[in-house]
Amino acid sequence: MLTLNYRDTKPIYIQIKSGLKKLMITGAIAADEKLPSVRELAGTLAINPNTIQRAYRELEAEGYLYSVSGKGTFAAKDIRLDAMGMEELFLQFEEIAEELLYFSVTAEELKSRIERLEKRRKEQ
């Protein structure tokens, strides 16, 4: 399900958030699917439950998850980005694109990759 890189400079809870977002966006975690409990996932990943709790709490605040008292945490049906979330993604995209351009990747290569991603998304 999730893999963590302990050598990465990103905090573990951010890695968990990113991993869960990717799983939800790609459909590996379906809408309304129950996620592992905080204790269960913490045990699986061998990390502090507070780290999982923080990731779940932030994902819920961002609209990716919802909780049902006594039942657990579930993937949201409609994941929608607000303007701030969209801007954050664009800033990340620009940072990565700038780095790729620095390493002599052409704008045409970037465009080709984006078109390939768009085509793959439409086929899903």
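The values are calculated or read from the model by the stated rules, or taken from the named source; none is laboratory data. Please read these numbers as outputs of a predicted model, since none were measured by experiment. Note that we place each Cβ from the backbone using ideal geometry, even for glycine, and neighbour counts take in every protein chain shown.
Worth pointing out:
- Residue match in region 15-22 (condition: touching a Leu at 6+ places or on another chain (Cβ under 6 Å) and among the small types (Gly, Ala, Ser)): yes
Here is a yes/no grid of residues against (1) touching a helix residue (DSSP H, G or I) at 6+ places or on another chain (Cβ under 8 Å); (2) of a type in the set (S, T, N, Q):
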{"position": "Leu2", "(1), (2)": "yes, no"}
{"position": "Asn5", "(1), (2)": "yes, yes"}
{"position": "Thr26", "(1), (2)": "no, yes"}
{"position": "Lys71", "(1), (2)": "no, no"}
{"position": "Arg80", "(1), (2)": "no, no"}
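- When region 83-104 is filtered for residues that are of a type in the set (A, V, I, L, M, F, W, C), modelled with pLDDT of 90 or more and assigned to a helix (DSSP H, G or I), the ones remaining, listed by number, are Phe90, Leu91, Phe93, Ile96, Ala97, Leu100, Leu101.
- Check on Tyr64, buried (at least 16 other Cβ atoms within 10 Å of the Cβ) and touching a Lys or Arg at 6+ places or on another chain (Cβ under 7 Å): yes
- Total residues in region 43-82, condition touching a Ser or Thr at 6+ places or on another chain (Cβ under 7 Å) and in a loop (DSSP other than H, G, I, E, B): 0
- So Glu40, is it among the acidic types (Asp, Glu), under 30 Å from Lys122 (Cα atoms) and either surrounded by fewer than 17 Cβ atoms within 10 Å (Cβ to Cβ) or in contact with a helix residue (DSSP H, G or I) (Cβ under 8 Å, 6 or more places away or on another chain) (or both): no
- Residue that is nearest to Leu41 (Cα to Cα), among those in region 67-122 that are loosely packed, with under 10 Cβ neighbours inside 10 Å and in contact with a strand residue (DSSP E or B) (Cβ under 8 Å, 6 or more places away or on another chain): Lys71
- Test for Glu118: is it out of contact with any Leu (no Cβ under 8 Å at 6 or more places or on another chain) and either closer than 24 Å to Leu4 by Cα or modelled with pLDDT under 95 (or both): yes
- Against the criterion of being assigned by TED's automatic domain parsing to the domain that holds Ala28, modelled with pLDDT under 90 and under 15 Å from the mean Cα position of the chain (by Cα), Glu58 does not qualify.
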